[in-house]
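The values are calculated or read from the model by the stated rules, or taken from the named source; none is laboratory data. Because the structure is predicted, anything quoted here is derived from the model rather than measured. Please note: Cβ atoms are built from the backbone with ideal geometry, for glycine as well, and neighbour counts cover all protein chains shown. The protein model used for the area step is the full one, side chains on, heavy atoms only, and it has no ligands, DNA or RNA in it. Shrake-Rupley method; radii C 1.70, N 1.55, O 1.52, S 1.80 Å.
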Amino acid sequence: LEREIPHRCKVAFVVDYLSDEALLALSQASTYYVQTTRAEGNCLPLMNYLSAGRPGVSPDHSAMGDYYDDQVGYVVESNQEPTAWPHDSKLRIRTTWGRLVWTSYRDQLRRSYEQAVNDYPAYLAMSERCRDRMQKWASFEAVGARLD
């Protein structure tokens, strides 16, 4: 849906599964992987984009904190908030999720934009750290060594 709103960037909302080829093309056309998740098991899309050298704008709660930090992207602050498990029909409060600090999200989007536009060498260095981080965290050799 095209809107008559002036803008300096493109935002795409993906609401369906994409083929491997489409995912590759999307990552190649992207500067950052941006997400606002409240809870994640591991966030494979973030891992895929980091592997492709695309930094993130993301919280670091849940399992993402194992591999995601300010060396490979812009960390959005979040606070633990009590909630129910999604499959609990009685909606008992037995877990937490990460409630985003929206001012932090706004600030990190601005910082990421400024870096990509005004400090491209720093962006490239972060991009290389992304690839290196995922090589050390999720490559066959790294995972195999931890499993052994």
Notebook entry, point to check: What are the GluC sites (Glu not before Pro) within the range 1-95 that DSSP puts in a loop, where the Cβ has at most 11 other Cβ atoms within 10 Å?
Noted result: 2, 4
Next item on the list: Please report, as a whole percent, how much of the solvent-accessible surface of the range 1-60 comes from carbon and sulfur atoms (probe radius 1.4 Å).
Entry: 54
Notebook entry, point to check: What's the longest piece of the chain with no exposed trypsin sites (Lys or Arg not before Pro), counting a site as exposed if DSSP puts it in a loop and it has at most 14 other beta carbons within 10 Å?
Noted result: 11-89
Check: How much FRET efficiency would the formula 1/(1 + (r/R0)^6) give for residue 4 and residue 69, where r is the Cβ-Cβ distance and R0 is 41 Å, rounded to 0.05?
Finding: 0.55
Checklist line | Antiparallel content of DSSP bridges confined to the chain, in %, to 5 | finding: 55
Notebook entry, point to check: In a shell of Cβ-Cβ distance under 10 Å around residue 50, excluding residue 50 itself, what net charge do Lys and Arg (+1) and Asp and Glu (-1) give?
Noted result: +3
Checklist line | Solvent-accessible heavy-atom area per residue, rounded to whole Å², over the chain at 1.4 Å | finding: 71
Next item on the list: Counting only chymotrypsin sites (Phe, Trp or Tyr not before Pro) that are in a DSSP loop and have at most 10 other C-beta atoms within 10 Å, tell me the longest site-free stretch of the chain.
Entry: 18-148
Next item on the list: Search the structure for amide H atoms under 5 Å from the amide H of residue 56, placed 1.01 Å from N in the peptide plane, and list their residues when 5 or more places away or on another chain.
Entry: 33, 73, 74
Item checked: Accessible surface of the range 68-134 [probe 1.4 Å, protein heavy atoms]: carbon and sulfur percent -> 51
Next item on the list: Rounded to whole Hz and in sequence order, give me ³J(HN,Hα) for the range 37-43 from the Karplus expression 6.51 cos²θ - 1.76 cosθ + 1.60, θ = phi - 60°, writing x for Gly and Pro.
Entry: 5, 9, 7, 9, x, 8, 6
